[in-house]
Every structure is written in C-alpha cells, then in structure tokens.
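Quick note: the coordinates plus some simple rules give every number you see, no bench work behind them. Note that this is a predicted model, so its numbers are computed, not measured. Neighbour counts run over all protein chains shown; Cβ positions are idealised from the backbone, glycine included.
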Amino acid sequence: MKIEFLQFSVGGGDCLKFGDVILAVATTAVLGFLVSTVLLMFLVSPLGAYWGQNTSGILAWLISGLLAGYIFAVKIQEESRIRAVGKITVLLAFVILLALMIMAAGNSYYAAYTKGNLQSMFQTGSWTTTDWFVYENLATSVYVSLNVVLTLVLGFIGLYAGSMLRKSKKT
C-alpha cells in the first residue's frame with residue numbers, strides 16, 4: 001500500500017520521498033554550519049569580518065551541497081535529478097530563511113549594525129519611529145532575501161554537481 005502524502009510529489013511513480021528530502025536538507029544544513037565555522041576561523045583574520053564571513057558562507061554552501069549531493073546521489077538519481085535537487089534546495093532555502101530571521105531577532109548587535117548602515121546611507125535626523133521600523137525591516141528583508149537566493153543558487157549547484165560525482169546504480 002502506497003501512502004500518497006509521503007511522496008512529496010503529485011505525479012506518483014518513483015520519486016524522492018519527503019523523509020529523504022528532510023534528511024538531505026538536515027544533512028546539508030549541518031554540513032554547511034560545520035564547514036562555515038571552520039572556514040570562518042581561517043578566513044575572518046586575513047580577509048576581515050565582512051569579506052571573511054561572506055566568502056566562508058559562499059564556499060560553505062557549495063562544499064556542503066557537494067558533500068550532501070554525493071551522499072544522497074542514489075536517492076537523487078531515482079527521479080529527475082533537477083526535480084530532486086530542486087525539492088531539496090527549496091526546503092533548504094526555507095530552513096535558512098527561518099534561521100536568519102531568528103538570528104536577526106535574537107542578536108543584539110544586528111540592530112546596531114543595521115542602524116549604523118542606515119545612518120551612513122541616509123540623512124536620518126528627521127526620521128520618525130515608524131521610519132526606523134520600516135527601514136530596518138527593509139534592510140532585514142534584503143539581507144534575508146539575498147541569503148535565500150544565494151542558498152537556492154549555490155545549494156542547487158552544489159547538490160547537482162555532488163550527485164553527478166557518484167555513479168548511478170543503473171549503469
């Protein structure tokens with residue numbers, strides 16, 4: 001008996017099960033965090049805080065995508081590779097969206113960093129509380145959106161390339 005809600009697909013047939021997608025996303029996220037932490041230790045000092053953080057994030061998503069793609073290559077190859085990698089990447093981007101929103105809300109320096117950036121870009125002397133609220137939300141939305149787009153692009157490239165590194169069972 002086939003339970004439809006576990007298929008994560010409307011079409012039926014052989015496809016990546018929702019549990020497999022969850023496991024692939026969790027693996028990619030954990031690997032991304034670990035790789036990013038190691039890269040941060042080595043890149044922040046020579047590149048500075050801004051470029052070290054951004055470079056480590058970009059490399060971490062590519063490397064973790066490659067590793068997770070290789071680990072889950074057999075499951076990814078059971079259905080259309082683009083479709084399977086897309087499912088994993090979209091759910092991964094949602095997880096990153098939630099993590100970044102929690103980080104922005106919970107880090108007391110994030111508000112000060114955002115305020116400093118806004119003050120350097122705009123004449124803020126006459127801003128009301130509403131202006132500050134709206135512009136800080138806009139800055140947070142841009143930050144989160146940029147990271148989600150980078151996760152979609154870099155995660156997709158890494159997962160797709162990683163799944164190609166392992167030979168299919170069919171060949």
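Quick notes
- Helix-derived mean residue ellipticity, 222 nm - over the chain, DSSP H n ≥ 4, -39500 (n - 2.57), to 500: -28000 deg cm²/dmol
- Kirkwood hydrodynamic radius of segment 121-160, from inverse mean 1/r over distinct Cα pairs, in Å: 12.1 Å
- Inter-site label distance for Ser120 and Thr37 at 7 Å from Cα along Cβ, in nm: 2.9 nm
- Annotation: peptides 155-165, 38-48, ranked by per-residue average of other Cβ atoms within 10 Å with the highest first, follow the order 155-165, 38-48.
- Segment 51-112 - Kirkwood radius from inverse mean 1/r over Cα pairs (Å): 13.6 Å
- For the pair Asn107 and Gln53, label points projected 7 Å from Cα toward Cβ lie 0.4 nm apart.
- Relative contact order (%) - criterion: Cα under 8 Å, at least six apart; region: the chain: 33 percent
- 0 to 90° range, to nearest 10: angle between helix 108-121 axis and the chain longest Cα axis: 60 degrees
- Cβ-based net charge around Ala104, under 15 Å, with every Lys or Arg adding one and every Asp or Glu removing one: 0
- Under-25-angstrom lysine pairs by C-alpha in the chain, whenever the two are 8 or more apart or on separate chains: 17
- Seen from every direction in turn and averaged, the convex hull around the alpha carbons of the chain projects onto 12.7 nm².
- If a spin label sat at a point 7 angstrom from the Cα of Phe18 along the line to its beta carbon, the backbone N atoms of segment 67-99 nearer than 18 Å would be those of 84-95.
- Short-range pairs are left out: with C-alpha atoms under 8 Å and at least six residues apart, the relative contact order of segment 76-171 is 50 percent.
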